[in-house]
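In what follows, a structure is listed as structure tokens, so that the remarks can point back to it.
Where a number appears in this text, it was derived from the coordinates with a stated rule and is not lab data. Every value quoted in this text rests on a predicted model; they were computed, and no experiment measured them. Note that we place each Cβ from the backbone using ideal geometry, even for glycine, and neighbour counts take in every protein chain shown.
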Amino acid sequence: MKAARLYEYDPKMNVKLKIEDVAAPTITAPDEVIVRVGAAGLCRTDLHIIEGVWKPTMDPDGSLLPYIMGHENAGWVEEVGSGVRSVKRGDAVICHPFRSCGICLNCRHGEDMYCDNGQFPGLGMNGGFAEYFITSERSLIKLNANVTPIEVAPLADAGITAYRAAKRAAKLLRPGSYCVLLGIGGLGHIALQSLHAISGCRIIAVDREPAARVLAKDLGADFVLDGGPNVVEEVKAITGGGAHVVIDFVGELGVENICWKMVRKGGQLFVVGYGGAVNVPTAHLVIEEINIGGSLVGNFTELVELMELNADGKVKMHYTEYNLASINTALDDFKNRRFTGRGVIVP
């Protein structure tokens, strides 16, 4: 099969993936499923993998490379293991990004992404930047008849990550409350739609890219800001002192140390993007009594919920399509924000 493989890490992102013929995956366990990839989303995590940010976690001894990235996958069932009952060959599916075991205590609690024994295709094992990849039956959700893999592939990770953060935020928001979304890219534009679907709050979208601001306005953001030097003051003026919830989808490039300044007393900051370091004076935490926490991917049932919102037309992925042979162009375009929404690789 054709696949795009990473051969070296480079903090400067000057390396290119190699398109090669490699052996297709084979089933080795009764619960495994081989998926013919219909589409695979590009994620900022892919850039961080290339930069080497994930090497200490997924490749500590340097033996993983070359390998195939791609953890936002949808396609069609090609082959199933002997124990698989819920899907069959030809079924269109989206793949939860984490292969959870189902038997550890975290899985029993329904928090798949905390699984003690999980595997992550595209992070530490071969993923979906290829014609085929292998996952488990537990990870698959059948698509509604009116949905195609290319329309939804990035929802597998970008989508549920944004949806989980929005769902957690919605529990803290009432009609008339304010929520700030920093970064209206692949995740932010999904969070914006999700908040509209499940919350009556007022949404302030912040992005430095004009195209992203246009998208935010088109999707119904109540206020759209350009992220200039006075953005904190602008947010405070709109909200009367600060937002009830701020969700940071950037997490680096200095954004991580502006976002907490937008939170009102007793408010909440959810950090979703990563790469930087949050530096908050402890006196500010105490006096303002703000809460800061991370938000990690999403569990299986949250992906099911998101797919229902998608099927109902309430949450749609905006994407730009690239073929597998053009994956290096896609990565460069992503790095330099030449498209809005998400980039999608089609084998």
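Some observations on this one:
- Helical runs (DSSP H, four residues minimum) scored at -39500 (n - 2.57) apiece and divided by the length of the chain put the mean residue ellipticity at 222 nm at -7000 deg cm²/dmol.
- Dipole magnitude for the stretch 159-294: computed about the Cα centre from +1 point charges on Lys and Arg Cβ and -1 point charges on Asp and Glu Cβ, it is near 480 debye.
- Environment charge at residue 62 (Cβ cut-off 13 Å; Lys +1, Arg +1, Asp -1, Glu -1): -2
- Listed residue (228, 177, 286) projecting farthest to the positive dipole end of the chain, Cβ model: 177
- The stretch 225-250 and the stretch 251-301 have their alpha-carbon centroids 13 Å apart.
- Counting only lysines at least 8 places from residue 316 when in the same chain, those with an alpha carbon closer than 19 Å to its own are 142, 167, 217.
- 23 Å Cα-Cα reach of residue 2 towards lysines, excluding residues that sit fewer than 8 places from it in its own chain: 16, 18
- Net charge, residue 267 excluded, C-beta distance under 12 Å - Lys, Arg +1, Asp, Glu -1: +2
- All Cα pairs of the stretch 159-294, percent lying beyond 20 Å: 36 percent
- Estimated FRET transfer efficiency (residue 82, residue 104; beta-carbon r; R0 30 Å; 0.05): 0.80
- Förster radius 25 Å - calculated FRET efficiency between residue 146 and residue 218, Cβ distance, rounded to 0.05: 0.65
- Label zone (residue 7, point 7 Å along Cα-to-C-beta; backbone nitrogen cut-off 17 Å) within the stretch 64-94: 64-69.
- Choice from 283, 216, 158 with maximal GNM fluctuation in the chain (Cα, 10 Å cutoff): 283
- Modelled spin-label separation between residue 308 and residue 26, with each label point placed 7 Å from Cα along the Cα-to-Cβ direction: 4.2 nm.
- Choice from 210, 30, 60 showing the highest fluctuation, given a GNM over the chain with Cα pairs closer than 10 Å: 60
- Anisotropy class of the stretch 152-223 from Cα gyration tensor, a/c 1.5 cut: oblate
- Relative packing of peptides 241-250, 258-267 - highest average C-beta neighbours within 10 Å first: 241-250, 258-267
- Test item: Cα-centred dipole of the chain, Lys/Arg +1 and Asp/Glu -1 on Cβ, debye: 660 debye
- For the stretch 45-116 and the stretch 163-223, distance of Cα centres in Å: 28 Å
- Straight-line reach from residue 265: taking Cα to Cα under 19 Å and skipping same-chain neighbours fewer than 8 places apart, the lysines in range are 171, 236.
- With the simple spin-label model, which puts each label point 7 Å out from Cα in the Cβ direction, the residue 116 to residue 53 separation comes to 2.9 nm.
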